[in-house]
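The values are calculated or read from the model by the stated rules, or taken from the named source; none is laboratory data. Since the structure is predicted, the reported quantities are computational estimates derived from the model, not experimental observations. Neighbour counts run over all protein chains shown; Cβ positions are idealised from the backbone, glycine included. With ligands, DNA and RNA removed, areas are computed over all heavy atoms of the protein, side chains included. Shrake-Rupley method; radii C 1.70, N 1.55, O 1.52, S 1.80 Å.
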Amino acid sequence: MTPGQGGGNHRVLVAGAGPVGSIAALALARRGIPVTVFEAEPELRQDPRAATTHPATLEMLDEIGLAGKVEEQGLVAVEFHFRDRPTGELIAVFDHTLLADDTRFPYVVQCEQYKTAALALEALEALPEGEVRFSHRLTGIRQTGDEVVVTLETPGGEERLSGSYLIGADGGRSTVRKELAIPFEGFTYPERFLVLTTPFDFAAQRGYVFRTYFADPDEWCNLFKVSADGPPGLWRAVFPTDPEDTDEEVLADERVQARLQKFFPKGDDYDVIHRNLYNIHQRVAARYRQGRVFLAGDAAHVNNPIGGLGMNCGIHDAINLAEKLSRVWFGEAEDGELDRYEVQRRTTAIDYLQAQTIRNKKRLEEKDPEIRRRNLEELRETAADPERARQFLLTTSMIASVRRAATLG
């Protein structure tokens, strides 16, 4: 294929300006491929969602000039801990420096996803190949053998835009996926997850590191820190909720304070900056490619946030797809190269992302006393053995999943 072959505007269209869409677009534009990103919202939403950026992802961000900037706007977390909430015992300490021979980034960076997206969009708009349009909502898709035409609802009225390819990175409720009638296979948990954000300094006051997981058969918790507009930054606590409770009951001040005090008692009320309640799904799209249209990120897969894997897996989608599209665009590979994207990334979503996040949740919430004891003992023994700990970290850091994906297809 010759550069830009495909009719219409010789460019790649990207639906969604979040971290996945913006990074896919930047990776393409840096290779000299014209890109137009369109986003339904009038601006990036600064909602407190994903923040953890794993070593394997930092490697990829470094290739497109973003790793250093993400680190500047985030917090470096070298360790993460597992604790047993009923006893208060520190069960396991995992230190990323064990990966010093495996990665240039033997640590995690806690940087909110909207910051990562903003950095990518800023770099994209500085390139002649990059274009970003906010308040452009996708309402329709038509594709032929040569091009994709999207219909957009814009402030100036309906508009049609054509390109050689379309990347759907427009989130879990993806219009692109729905327009293509691609099934979103999986399940939804009956309980929702509650995220509470507070400036209370759990490091100074309790000695907790920036990523701590609390196992509890009654009510587990994830506690982690983000930089926010700091220093000093903010802490987020993630809890499961009772499916029978209404949103109003879960979010009520009295219930929020009681939940925090149960886990982390202190003399007075917590200052709660944000409170968010989410439905949690484990789903994977039946296809990642349909003709000239591709799915990436939450449009292709959603999962529970324990372990901080979802956004990272989406960024891996973006980089993987950009590499393959570039090779085809410039005639370095045949169209079949693009089928490898689905093989590699969908397989990873099923075998790694879904399996690992489901396992992470079960580990924290396990109620059977004997299974729970064995789980905690396994974590304790793994952390105490440097080689077992390294293998564990290769999985949690997503290095192992990237290595395996490269062998597929």
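Below, the figures for the structure above:
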{"item": "Distant-in-sequence amide H partners of GLY140 (H built 1.01 Å from N, under 5 Å)", "result": "THR151"}
{"item": "Amide H contacts under 5 Å for VAL76, placed H, 5+ residues apart", "result": "GLN110"}
{"item": "LEU127/THR151 FRET efficiency (R0 35 Å; Cβ-Cβ; nearest 0.05)", "result": "0.85"}
{"item": "Debye intensity ratio in log₁₀ form over the Cα atoms of the stretch 1-135, taken at each q of 0.15, 0.16, 0.20 Å⁻¹", "result": "-0.79, -0.85, -1.11"}
{"item": "Estimated distance in nm for a label pair at GLN73 and GLU387, the labels positioned 7 Å out from Cα along Cα-to-Cβ", "result": "4.2 nm"}
{"item": "Inter-site label distance for ARG104 and ARG327 at 7 Å from Cα along Cβ, in nm", "result": "2.1 nm"}
{"item": "Dimensionless Rg ratio for the chain, taking C-alpha atoms and the 2.2 N^0.38 Å reference", "result": "1.00"}
{"item": "Karplus-derived HN-Hα couplings along the stretch 396-409 (A = 6.51, B = -1.76, C = 1.60, θ = phi - 60°), whole Hz, x at Gly and Pro", "result": "5, 7, 6, 5, 4, 5, 5, 4, 5, 4, 5, 8, 8, x"}
{"item": "Whichever lysines have a C-alpha closer than 25 Å to that of LYS362, once near sequence neighbours (fewer than 8 apart) are set aside", "result": "LYS225, LYS262"}
{"item": "Low-density loop cleavage sites - trypsin sites (Lys or Arg not before Pro) in the stretch 241-284, where at most 12 other Cβ are within 10 Å (DSSP)", "result": "LYS266"}
{"item": "DSSP loop GluC sites (Glu not before Pro) with at most 12 other Cβ within 10 Å excluded, longest remaining stretch of the chain", "result": "44-243"}
{"item": "Difference of contour (0.36 nm per residue) and Cα-Cα distance, GLU334 to ASP245", "result": "26.7 nm"}
{"item": "Portion, in percent, of the accessible area of the stretch 335-397 that falls on carbon or sulfur, probe 1.4 Å", "result": "50 percent"}
{"item": "Proximal aspartates and glutamates to LYS367, defined as alpha-carbon separation beneath 13 angstrom and excluding residues fewer than eight positions away on the same chain", "result": "ASP84, ASP216, ASP218, GLU219"}
{"item": "Shape category assigned to the stretch 58-137 from the gyration tensor of Cα positions, a/c cut at 1.5", "result": "oblate"}
{"item": "HN-Hα J in Hz across the stretch 124-136 - Karplus 6.51, -1.76, 1.60, θ = phi - 60°, x for Gly and Pro", "result": "5, 5, 7, 9, x, 7, x, 9, 10, 10, 8, 6, 10"}
{"item": "Accessible area per residue in Å² at 1.4 Å probe, computed on the chain", "result": "41 Å²"}
{"item": "Heavy-atom accessible surface of the stretch 84-243: percent carbon and sulfur, 1.4 Å", "result": "48 percent"}
{"item": "Solvent-accessible area of ILE273 with every protein chain in place, 1.4 Å probe, in Å² to the nearest 10", "result": "80 Å²"}
{"item": "Per residue Cα convex hull volume in Å³ - calculated over the stretch 318-407", "result": "97 Å³"}
{"item": "Calculated [θ] (222 nm, deg cm²/dmol) that DSSP helices of n ≥ 4 give over the chain, each run adding -39,500 (n - 2.57)", "result": "-10000 deg cm²/dmol"}
{"item": "Phi-based couplings in Hz for the stretch 26-43 (Karplus 6.51, -1.76, 1.60; Gly and Pro marked x)", "result": "5, 4, 5, 5, 5, 8, x, 9, x, 9, 10, 9, 10, 10, 5, 6, x, 6"}
